[in-house]
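The values are calculated or read from the model by the stated rules, or taken from the named source; none is laboratory data. Just so it is clear, the structure is predicted and the values come from calculations on it, not from any experiment. Here Cβ is always computed from backbone atoms with ideal geometry, including for glycine, and neighbour counts include all displayed protein chains.
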Amino acid sequence: MDGMENIMKFGEEIFSGGLIAFLIQAVLTYVVLTFIKRMIVGSIRKAAEVRGEEANTPLRFLARTISTCFNILILFLILRNIVPLSGIGNTLLGATSVLAIIYGIAAQEAFGNLIAGFFLAVYQPFRIGDQVSISSEGVTGNVAEINMRHTVIRTFDNTRIIIPNSRMGSAVIEDRRIEEGYFSRLIQVSVAYDTDIDFAKKVINDAVSALPDFIDTRTGTQRVQNDPAVNVVVTEFQDSGIQLSFRVNATSAASAYVYSGQVREAVLKAFRENGIVIPYPTRTVEIQS
């Protein structure tokens, strides 16, 4: 009997209202706030699905922020009922102390990442699912996640690159999201100086436009005027030949990589069939006896 009284006394000294009361209150606090959190977060995620891709990034960021705030609130409320830690819980929940905490964190990188993540979610320089290239970080891939601290990029090698939001906010980023329905890729090829340039342009145009995945971006007027489907231009006089350049279009950056290879192969075969030479540097050595 004395042992039980000692246990209850121990509970009263450590926990506000006793051990049993503490456990009941802690469980109720966790269950109720977790239920509210899931209701709010679930509603936000459903709204993101309804509103589509444009609202997906900021709403998902908001859902993560609310979830984190609820988790912190649950922890603080439980701490308040532990006598040795009640001062910590009450202090952290006090308005003056909260401002002091925010001020202290503001000088830290963590707060900078939070603010940067907020602006990334609101202004959306890129969205979840976009393909981006960050030259300063040497990273190219699809945006998989934007949370309060960092942005996750999934690379073409199926790895995850985690970059702090503060660095994403200041980096120069190439967003390869397609707004006009296609992705453009520059192709360059050289021909010998004695090549008939007009004939070479026609060969390129016929070879590329005959490919199954060719995307014709000419306007109706350009088609009526019979403008070439592939606009080939002379871009450089090189040491060994003349450089011709043209652009091809694909439905995505990933497919453009494969399609560009098909275009180069088609042009190479067409050049060989029509006797057009792709030059390469040569050196003549004269030996005097």
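Of note:
- Answer residue from the stretch 248-289, given it is under 30 Å from the mean Cα position of the chain (by Cα) and not in a helix (DSSP H, G or I) and is nearest to Thr155 (Cα to Cα) among those: Ser252
- For Gly129: the one exception among (1) of a type in the set (Gly, Ala, Ser); (2) at pLDDT 75 or above; (3) under 30 Å from Ala21 (Cβ atoms): (3)
- When the stretch 51-83 is filtered for residues that are in contact with a helix residue (DSSP H, G or I) (Cβ under 9 Å, 6 or more places away or on another chain), of a type in the set (S, T, N, Q) and modelled with pLDDT of 65 or more, the ones remaining, listed by number, are Thr65, Ser67, Asn71, Asn81.
- Selection over the stretch 143-157 of residues that are at pLDDT below 85 and either of a type outside the set (S, T, N, Q) or under 27 Å from Ala250 (Cβ atoms) (or both) gives a count of 7.
- Any chance Ser166 is surrounded by 16 or more Cβ atoms within 10 Å (Cβ to Cβ), hydroxyl-bearing (Ser, Thr, Tyr) and either touching a Pro at 6+ places or on another chain (Cβ under 8 Å) or closer than 14 Å to Thr140 by Cβ (or both): no
- Test: residue in the stretch 241-254 that is among the charged types (D, E, K, R) and surrounded by fewer than 12 Cβ atoms within 10 Å (Cβ to Cβ): no
- All positions within the stretch 124-144 that are surrounded by fewer than 19 Cβ atoms within 10 Å (Cβ to Cβ) and free of Cβ contacts under 8 Å to residues at least 40 places away in the same chain: Ser135, Ser136, Glu137, Gly138, Val139, Thr140, Asn142, Ala144
- Arg38 being modelled with pLDDT under 75 and within 30 Å of Pro125 (Cα to Cα): no
- Within the stretch 186-240, considering residues that are surrounded by 11 or more Cβ atoms within 10 Å (Cβ to Cβ) and among the hydroxyl-bearing types (Ser, Thr, Tyr), the one nearest to the chain's Cα centre (by Cα): Thr217
- Only residues that are assigned to a strand (DSSP E or B) and within 21 Å of Tyr123 (Cβ to Cβ) were counted across the stretch 142-161, and they come to 9.
- Within the stretch 235-258, the set of residues being among the aliphatic types (A, V, I, L, M) and closer than 14 Å to Asn205 by Cα comprises Leu244, Val248.
- Restricting attention to the stretch 204-254, the residues being of a type in the set (Lys, Arg) and touching a residue at least 40 places away in the same chain (Cβ under 8 Å) number 1.
- Filtered residue count, the stretch 185-225, keeping only those that are within 20 Å of Gly241 (Cβ to Cβ) and either not aromatic (Phe, Trp, Tyr) or not in a helix (DSSP H, G or I) (or both): 21
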